[in-house]
Amino acid sequence: MSRILVTGGAGYIGSHTVVELIGEGYEVVIIDDLSNSQADVIDHIEEITGKRVPLHVFDLCDKSRLDQFFGSEGSLDGIIHFAAKKAVGESVEKPLLYYHVNILSLINLLKAQKEYDIPNFVFSSSCTVYGQPDKLPVSEETPRKDAESPYGNTKKISEDIIRDFARVNDDKRTIALRYFNPVGAHESGLIGELPSGIPNNLMPFISQTAIGLRDQLKVFGGDYPTKDGSAVRDYIHVVDLAKAHVVSMQRLIEDQQKSNYEFFNLGTGSGLTVLEVIRAFEEVNDVKIKYEIVDRRAGDVVQIYADTAYANDELGWRTERDLDDMVRTAWKWEQHLAQMRE
Ligand code: NAD
Ligand code: WQD
């Protein structure tokens, strides 16, 4: 049985990936400092899978603590590295914090990968590396652009670090996955996204408005050159995204790569406007979302969606969940959170 370290495994995408890994027979161990998640996610993963996953709570920037972990952990077949700070706006306010955490934790892990001879590495990248692309849909050939934020830049720099590391370490294999917009939650309603404070992202803001935590949603921009004037994104269900990590790790373990550093876009291939997402949420869940259209948000791209051909063909992976599944499970999760607050 392959053993995988999942960093950030208590977080949103990490926890869903842990569930999928267990479902495919992997043994999992998590490192997470719980800076943006809660320890009880381990209970919920156990409820879903019947397996208790070991959680090691510490900051990946602490290399001596990481050495202690690898020294006592026994052999590992791979690492899936989710742990990072991810709030775009906060990264503009606190650039050094973002460069410190996101870059140092990656470097510490790559050093450990070499020192403890762990062959396989999957990295969480982002479509943010493309900025506003000149041509749509975005394929892996699309050139990356200057990042719009320090957060985006940490993803670009991280990809470069991994590429350079792979060049001189033939025996180490890496896949970077560029996510488009992950939304939704596990069917059980037991795990999902846990935004701290006021959500920056669209889906949690919609569901918090629906449940009454927010008065109304602001739709940023109604005058974009799109079909209804609101901005277009490629929303992907988090469970589909999680499954792509399992497939990627399997590809590494079976040594099926074309080169020892590969990267893939993970999206559905379809662009949806903000207003389409709101409408679907209202219809599928039979709720009303109060919203108003306001000015564009600084730094937002007009539209972006993925060309999925390369990931579909090479990974043999495709998305199976549609917009209805995304808004339905997002609402189920929001209701679970409301119950927890009671
Ligand atoms: P998340 O915040 O829910 O999960 C990240 C987890 O990492 C959290 O549990 C947090 O406590 C932990 N963590 C953060 N810094 C750490 C550190 N120094 N040491 C140990 N643990 C630490 O975020 P997510 O949405 O699940 O994102 C996972 C990854 O995917 C991140 O790298 C993020 O940048 C990337 N990503 C996310 C999105 C998105 O929209 N959610 C899109 C593209 C890429
Ligand atoms: C989606 C659309 C908003 C909130 C960000 C990061 C990106 C990636 C994913 C990590 C946009 C609109 C939103 C609201 C709104 N993360 N919106 N009202 O901006 O595509 O990407 O998360 O890598 O790097 O930049 O996602 O969910 O914030 O916004 O109208 O209250 O919803 O303007 O058009 P975004 P998002």
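Values computed for the structure shown
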| item | result |
| --- | --- |
| Top-ranked residue in segment 162-188 [being within 14 Å of ligand 1 (Cβ to nearest atom) and open to solvent by 20 Å² or more (accessible area, probe 1.4 Å); ranked as farthest from E262 (Cα to Cα)] | H186 |
| Top-ranked residue in segment 32-67 [being outside any helix (DSSP H, G or I) and in contact (Cβ under 8 Å) with a residue 60 or more places away in the chain; ranked as nearest to ligand 2 (Cβ to nearest atom)] | N36 |
| Subset of segment 54-102 that is among the charged types (D, E, K, R), away from ligand 1 (no atom under 12 Å from the Cβ) and open to solvent by 60 Å² or more (accessible area, probe 1.4 Å) - its residue that is nearest to Q38 (Cα to Cα) | K94 |
| Residue match in segment 23-31 (condition: more than 16 Å from ligand 2 (Cβ to nearest atom), in contact with a Ser or Thr (Cβ under 6 Å, 6 or more places away or on another chain), among the charged types (D, E, K, R) and touching a residue at least 24 places away in the same chain (Cβ under 8 Å)) | no |
| Criterion (open to solvent by less than 40 Å² (accessible area, probe 1.4 Å) and without any contact (Cβ under 8 Å) to a residue 60 or more places away in the chain) met by exactly one of K135, K156, K145 | K156 |
| Of residues in segment 220-238 being surrounded by 23 or more Cβ atoms within 10 Å (Cβ to Cβ) and hydrophobic (A, V, I, L, M, F, W, C), the one farthest from ligand 1 (Cβ to nearest atom) | A231 |
| Among the residues listed as I206, I118, I211, the single one being modelled with pLDDT of 95 or more and open to solvent by 30 Å² or more (accessible area, probe 1.4 Å) | I211 |
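The values are calculated or read from the model by the stated rules, or taken from the named source; none is laboratory data. Predicted, not measured: the structure shown is a model, and the values here were computed from it. Virtual Cβ from ideal backbone geometry, glycine too; neighbours counted across all protein chains shown. Ligands, DNA and RNA are stripped out before the accessible areas are found, and what is left, the full protein with its side chains, is counted by its heavy atoms. Shrake-Rupley method; radii C 1.70, N 1.55, O 1.52, S 1.80 Å.
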